[in-house]
Amino acid sequence: MNNYLSMHGDIELTINELKREKNVLTKKVKELSSKLSNNNKQDCANEIYLKEIKKIEHISTECAELIPIIDAVDKHLGRIVSLSSFPKTIDDYIWICDATKQWEYLLLKFLNISRKIPIKNAPSYLLPRLDIGDAFSEEELDLLVDKLSKIVFAYSLLKGERKLEDRKKIIGSDIRRAEIFLANDILDGTLNFAKRVCSSSFYRLEKIWMAEVRELLAYLKWLNSGEISSDPDTEAHYFEAWEDFKKRIIDFDYKVPTSTFGEVKQYLEDHYVSFLDGAYKLNKSKIENSSNNNILKIKSEKARVEVAKKDDSRYWDNDRNWIEVEKYVEQYYENIIPAVMNGDKKYVEAVIHAFDYSMNVPYRIINAFEMAIVIYFINKKDLINISFPNP
């Protein structure tokens, strides 16, 4: 693959200049393609491959005219890649992603030349700046999700899922992915859960599955890898994403003291558990009365879909699915408060083993709220010698 980042040269072009340059080069590529037979295109593509990979200098006469055009396109792509690190606006970034995908298509269709162009992740400065201080309002978080949905759209262009003409059609899946981005920003400390997210916004994390966040991390690793054969859905990237979360749980820079746990503790007691006979017990009445967030029902629906991927008959086994989901919910919620407040190994281990149970069933029913509590509030010293599950 061409090292585009080292090829962009000394000239920094604006988006408008790049658009004009793209139009000129696209026309030249199509004109040249019309002069070559299909056999010649394939022969020239092979020769260019040998020139780039094997460093073979000889190029046949038939293909000589192609070389300066491909060099010009590669320099143009280098400028696009370079600009992807510092676009001025989200709209600029969207154009960069679309142009990248168009070039991959054009070169393959008209000249049989394969290119994979390593665009950078959207820089964080494209998002609205949220003032440092009190907890975010719902309006601020809504604005952030709206901006994130536009970045999600740009990524969907890179994956070939959408086209630029869909720009004004922000759909449900864009919003969902934007909410997953938001959850990940909270889980990695970009937006501090303990200091900046109030209980009225916890629902935003409760509705996001950790499996979705892990898939997002896997995709971002794939986007940065520049590997031609890489796929964000491969197990290797998925495992890397889980390793990232284990590091966050054990050695997180934003761990907070137990004294800041009050609002989360109150929320858990209001919605999930009751303190009875010296221990926390799951309160099913509280859960069932939460019409929009009955986690037993929501997790059971999620579980039946996940387990049916390996055993179709389990999709209809509602009783078994419910029982096994309830086992996870009890193990996590009955132990999470004492795990944070007391730091006792048996409680901490019970919470981590609840994660282990969810993965090995496998139901993948851990949500981002449950993970955020562990990442931010369970003390580092209390996690020593605790065994962690594999994905």
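The values are calculated or read from the model by the stated rules, or taken from the named source; none is laboratory data. Just so it is clear, the model here is predicted, and its values are computed rather than measured. Here the Cβ positions follow ideal geometry from the backbone for every residue, glycine too, while neighbour counts run over all protein chains shown. Side chains are part of the model used for accessible areas, which takes the heavy atoms of the whole protein and leaves out ligands, DNA and RNA. Shrake-Rupley method; radii C 1.70, N 1.55, O 1.52, S 1.80 Å.
A few points about this structure:
- In this view, the solvent-accessible surface of T61, computed with a 1.4 Å probe and all protein chains in place, comes to about 120 Å².
- A straight line joining the Cα centroids of segment 196-220 and segment 88-108 runs 28 Å.
- Summing charges over all other residues whose Cβ lies under 12 Å from the Cβ of K247, with Lys and Arg as +1 and Asp and Glu as -1, gives -3.
- Were the residues from K88 through Y105 laid out at 0.36 nm apart, the gain over their Cα-Cα distance would be 3.6 nm.
- Solvent exposure of I175, expressed as accessible area, is near 60 Å², computed with a probe of 1.4 Å over the protein chains only.
- A crude spin-label estimate for the pair N38 and I69, with each label 7 Å from Cα along the Cβ direction, gives 1.9 nm.
- For segment 277-356, the solvent-accessible area works out to 53 Å² per residue, with a probe of 1.4 Å and every protein chain left in place.
- With DNA, RNA and ligands ignored, accessible area of D134 (1.4 Å probe; Å², nearest 10): 130 Å²
- Zero-based 5 Å bins, Cα pair distances in segment 105-179, whole percents: 3, 13, 19, 19, 16, 11, 8, 5, 2, 2, 1, 0
- List L144, L127, ordered by accessible area with a 1.4 Å probe, largest first: L127, L144
- Sequentially through segment 142-148, phi angles give Karplus couplings (6.51, -1.76, 1.60; θ = phi - 60°) of 4, 4, 5, 4, 4, 5, 4 Hz, Gly and Pro residues having no value and appearing as x.
- Built amide H within the under 5 Å cut-off of N367, gap 5+: M210
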